[in-house]
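The structure appears below as structure tokens.
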Amino acid sequence: MRCVDKPPLPGVSASGMGLRLSQKFVFLLFLSGLVTLCFGALFFLPDSVRLKRIFLSKTETQPVTVGSGSENDAREHLKRPKDQEHPRGMTSAKGETSTKLKSLSRKPPVSHEATEERLAGGKAQEDLTLSRSKTESASERATSPDHGANSDTFSYKKFKRCLLKHPLGRDNGKPSDPKTNERREKVKEMMKFAWDNYKRYAWGKNELRPLTRNGHIGNMFGESSVIDSLDTLYIMGLMEEYNDAKEWVQTSLDLNSNGEASLFEVNIRYVGGLLSAYYLTGEELFKNKAVELGEKLLPAFNTPTGIPRGVINLGSGTSWSWGWASAGSSILAEFGTLHLEFVHLTELSSNPIYTEKVMNIRKLLNKIEKPHGLYPNFLSPVSGNWVQHHVSIGGLGDSFYEYLIKSYLMSDKTDDDAKKMYYSALEAIEANLVQKSPGGLTYMAEWRGGILDHKMGHLACFSGGMIGIGADDGAPEKRQHYLDLAAEITHTCHESYARSATKLGPEAFRFDGGAEATATRLSDRYYILRPEVIESYMYMWRLTHDPKYREWGWEAVEALEEHCRVESGFSGIRDVYTMTVSHDNMQQSFFLSETLKYLYLLFSDDDLLPLEDWVFNTEAHPLPIILLSQSSQPFRLE
Ligand code: DMJ
């Protein structure tokens with residue numbers, strides 16, 4: 001169907017040699033019929049640019065637009081000296097009543113060959129180009145992972161041809177505006193600083209403790225800064241650091257750990273990080289490790305309902321539920337955050353089991369009765385019933401909603417069930433959880449059996465970006481509304497930062513007892529280098545090009561530098577409302593994979609990991625948009 005080799009038609013000899021005249025005639029007749037049929041079938045195919053890319057030859061490619069210009073403009077741009085380039089993305093008018101959507105609709109592809117030319121120049125780019133050609137040849141070696149399923153059907157070369165744009169864009173996404181570029185360089189320096197200290201003091205451990213200068217072990221598969229950093233290092237052109245990380249994966253990543261591991265974390269950090277490293281670099285090592293690890297997660301699904309339990313021992317395959325989750329339940333944000341990675345595991349391994357597992361989860365969630373159309377956070381893997389009626393777009397619920405819209409986008413907009421489930425969930429969220437404060441701030445409250453808790457977690461701030469990326473595919477009359485809602489939520493989350501002394505936001509902020517986007521409890525005042533607010537700035541910037549998002553991102557950079565940077569890394573802080581900060585001594589893995597990556601993307605041109613080609617998993621690991629080959633209807637619920 002898409003960019004994979006098709007097996008020859010059964011029973012048809014490739015050459016037609018050795019046939020009698022009458023047989024040849026019949027064969028020719030059959031062949032011409034087949035050609036006519038195939039040509040006719042083109043008209044019934046979905047209107048996907050990727051499909052057109054497969055069927056149209058290079059000479060037939062239509063004029064394309066890059067950013068705001070045509071392909072010709074883009075070529076002109078290549079020839080034009082840098083100082084004559086139009087500054088991109090700084091033209092939106094400020095102060096309009098509603099946010100304007102920069103269309104994300106898919107445009108015909110630019111030839112990668114042309115893009116490769118653009119990548120010439122500069123040491124980092126030379127390295128990247130070299131590394132890319134090296135990895136391309138690595139991918140061509142097509143080694144087969146030893147997990148039983150046939151992986152020969154996935155062709156990395158074909159996959160790359162199906163991308164509309166080069167993943168690293170023109171000039172590695174370097175912005176033409178010098179001030180923005182300076183900011184981007186600053187973020188890269190922060191990444192290098194964070195990484196160097198991690199490497200120096202905590203190499204191979206999950207996270208760096210920057211004050212005590214040692215590693216935090218945690219669970220073997222709790223969080224690992226090495227895997228989480230691979231793609232960030234790569235897109236920033238930190239090739240020496242990337243190569244060290246790759247070597248560690250090759251020599252030291254032990255997938256047979258006997259400790260307790262969170263299924264969710266292994267999936268989003270390890271499987272997601274390895275998959276994205278594979279898609280970006282073509283290194284078979286990453287693909288093989290991802291598939292090997294995916295296989296080790298399968299025993300967690302052996303429950304009466306197929307809803308996986310939250311914790312697994314990768315060595316023995318035993319799984320169990322979190323002790324703190326009520327009545328042995330599984331958590332919506334955990335079992336509902338597997339879809340993107342599992343679908344890719346099937347794609348790479350040709351083993352349908354991964355997609356089957358996540359489709360089974362979706363079927364159950366689609367069928368089960370939902371209070372007011374909402375999805376509660378706890379579900380029993382034994383009975384398949386909700387255990388409590390607590391609904392949250394923040395912790396325990398968050399990424400389930402994110403994965404619905406991203407599943408739709410990642411399927412090149414063919415996964416209609418995910419689309420339906422996402423928009424009905426969003427409708428229920430709007431009807432029951434979205435609130436306006438007396439001061440005019442829009443926020444997402446939490447819901448406990450029908451009673452609203454007027455609190456919004458930092459985690460829920462990802463929803464600005466989520467609603468933004470889904471705006472364009474909503475009902476036509478709702479699109480502008482969704483984009484406005486996304487902008488309002490992002491604004492509220494920015495307010496939670498702006499209203500603190502450090503200009504960093506608290507873990508949770510409230511809208512009751514006179515509070516407006518501020519934490520009222522001591523226990524909610526901490527900031528642990530989380531990405532969600534910056535994540536929404538990045539998406540909103542890409543969608544609207546309103547310069548305020550870059551300004552807000554820069555405020556966050558300055559605050560991180562002032563309050564979280566210590567001598568040997570970055571640390572979370574215990575109270576965002578006091579200027580005499582107390583550090584928590586932890587450089588979280590997601591700071592490297594998400595916070596710094598989203599900041600870097602915010603200050604890059606849109607063609608670095610373009611949203612037309614990539615979706616980011618919930619740990620900010622980019623996964624490509626592809627049409628899937630495993631079955632003719634891989635997403636249908638029935
Ligand atoms: C990340 O590990 C993921 O984004 C997850 O979905 C929830 N949030 C943390 C970082 O805050």
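The values are calculated or read from the model by the stated rules, or taken from the named source; none is laboratory data. These numbers were taken from a predicted model, which means no experiment stands behind them. Please note: Cβ atoms are built from the backbone with ideal geometry, for glycine as well, and neighbour counts cover all protein chains shown. These area figures cover heavy atoms from the full protein model, side chains too; ligands, DNA and RNA do not enter into them. Shrake-Rupley method; radii C 1.70, N 1.55, O 1.52, S 1.80 Å.
Kindly list the number of the only condition in (1) open to solvent by less than 10 Å² (accessible area, probe 1.4 Å); (2) in a helix (DSSP H, G or I) that fails for Ile312.
Unmet condition: (2).
For the stretch 551-600, which positions are out of contact with any strand residue (DSSP E or B) (no Cβ under 7 Å at 6 or more places or on another chain), within 14 Å of the ligand (Cβ to nearest atom) and polar (S, T, N, Q)?
Ser593, Thr595
Got a number for residues in the stretch 501-515 being over 20 Å from Trp447 (Cα atoms) and crowded, with 22+ Cβ neighbours inside 10 Å?
Qualifying residue count, the stretch 501-515: 3.
Only one of these conditions is not met by Asp473: (1) of a type outside the set (Gly, Ala, Ser); (2) in contact with a Gly (Cβ under 7 Å, 6 or more places away or on another chain); (3) over 15 Å from Ala556 (Cα atoms). Which number is it?
Answer for Asp473: the failing condition is (2).
Look through Ile368, Ile361 and report the one residue that is open to solvent by less than 50 Å² (accessible area, probe 1.4 Å), hydrophobic (A, V, I, L, M, F, W, C) and more than 21 Å from the chain's Cα centre (by Cα).
Values: Ile361 fails: more than 21 Å from the chain's Cα centre (by Cα).
Criteria check complete, one pass: Ile368.
On the basis of being within 16 Å of the ligand (Cβ to nearest atom) and either in contact (Cβ under 8 Å) with a residue 12 or more places away in the chain or under 18 Å from Phe603 (Cβ atoms) (or both), does Tyr527 make the cut? Talk me through it step by step, then tell me what you get.
Numbers: within 16 Å of the ligand (Cβ to nearest atom): yes; either in contact (Cβ under 8 Å) with a residue 12 or more places away in the chain or under 18 Å from Phe603 (Cβ atoms) (or both): yes.
Yes: the conditions hold for Tyr527.
Go through (1) of a type in the set (S, T, N, Q); (2) within 16 Å of the ligand (Cβ to nearest atom); (3) not in a helix (DSSP H, G or I) and name the single condition Thr520 misses.
Looking at each condition in turn, Thr520 falls short on (2).
Filter the stretch 226-267 down to residues that are more than 17 Å from the chain's Cα centre (by Cα) and polar (S, T, N, Q) and give me whichever is surrounded by the fewest Cβ atoms within 10 Å (Cβ to Cβ).
Within the stretch 226-267, the match that is surrounded by the fewest Cβ atoms within 10 Å (Cβ to Cβ) is Thr251.
Quick check: is even one residue across the stretch 301-310 under 30 Å from His389 (Cβ atoms), modelled with pLDDT under 95 and of a type in the set (Ser, Thr, Tyr)?
Of all residues in the stretch 301-310, those under 30 Å from His389 (Cβ atoms) come to 301-310.
Still in the list and also modelled with pLDDT under 95: none.
The answer is no; no qualifying residue exists.
Quick one: how many residues across the stretch 169-202 are open to solvent by 70 Å² or more (accessible area, probe 1.4 Å) and more than 18 Å from Glu567 (Cβ to Cβ)?
5
How many residues are aliphatic (A, V, I, L, M) and open to solvent by less than 10 Å² (accessible area, probe 1.4 Å) when one looks only at the stretch 371-396? First the steps, then the outcome.
Just the residues of the stretch 371-396 that are aliphatic (A, V, I, L, M), to begin with: 374, 379, 382, 387, 391, 393, 396.
Next, only the ones that are open to solvent by less than 10 Å² (accessible area, probe 1.4 Å) stay: 374, 379, 391, 393.
Adding up the residues that qualify gives 4.
Table: residues versus (1) among the β-branched types (Val, Ile, Thr); (2) over 19 Å from Leu396 (Cβ atoms).
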| site | (1), (2) |
| --- | --- |
| Leu255 | no, yes |
| Val271 | yes, yes |
| Leu280 | no, yes |
| Glu295 | no, yes |
| Leu332 | no, no |
| Gly336 | no, no |
| Val343 | yes, yes |
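Assess whether Val576 counts as being over 22 Å from the mean Cα position of the chain (by Cα), part of a loop (DSSP other than H, G, I, E, B) and surrounded by 24 or more Cβ atoms within 10 Å (Cβ to Cβ).
Numbers: over 22 Å from the mean Cα position of the chain (by Cα): yes; part of a loop (DSSP other than H, G, I, E, B): yes; surrounded by 24 or more Cβ atoms within 10 Å (Cβ to Cβ): yes.
Yes: the conditions hold for Val576.
Residue by residue, here is whether (1) farther than 21 Å from Leu168 by Cα; (2) touching a strand residue (DSSP E or B) at 6+ places or on another chain (Cβ under 9 Å); (3) outside any helix (DSSP H, G or I); (4) within 16 Å of the ligand (Cβ to nearest atom) holds:
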position	(1), (2), (3), (4)
Leu255	yes, no, yes, no
Glu265	yes, no, no, yes
Tyr279	no, yes, no, no
Val291	yes, no, no, no
Pro304	yes, no, yes, no
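So which residues in the stretch 315-342 are more than 16 Å from the ligand (Cβ to nearest atom) and open to solvent by 10 Å² or more (accessible area, probe 1.4 Å)?
Once the filter is applied, which keeps residues that are more than 16 Å from the ligand (Cβ to nearest atom) and open to solvent by 10 Å² or more (accessible area, probe 1.4 Å), the stretch 315-342 yields Gly315, Ser316, Gly317, Thr318, Ser319, Trp320, Ser321, Gly323, Trp324, Ser326, Ala327, Gly328.
If you go through the stretch 601-614 one residue at a time, how many are open to solvent by less than 10 Å² (accessible area, probe 1.4 Å) and either within 15 Å of the ligand (Cβ to nearest atom) or of a type in the set (A, V, I, L, M, F, W, C) (or both)?
Number satisfying all stated conditions: 6.
Looking at the stretch 370-476, what helices (runs of 4 or more DSSP H) fall wholly within it and have at least 3 residues that are under 25 Å from Ser321 (Cβ atoms) and touching a residue at least 12 places away in the same chain (Cβ under 8 Å)?
Working: elements: 398-410, 416-432, 463-471.
It comes to 398-410.
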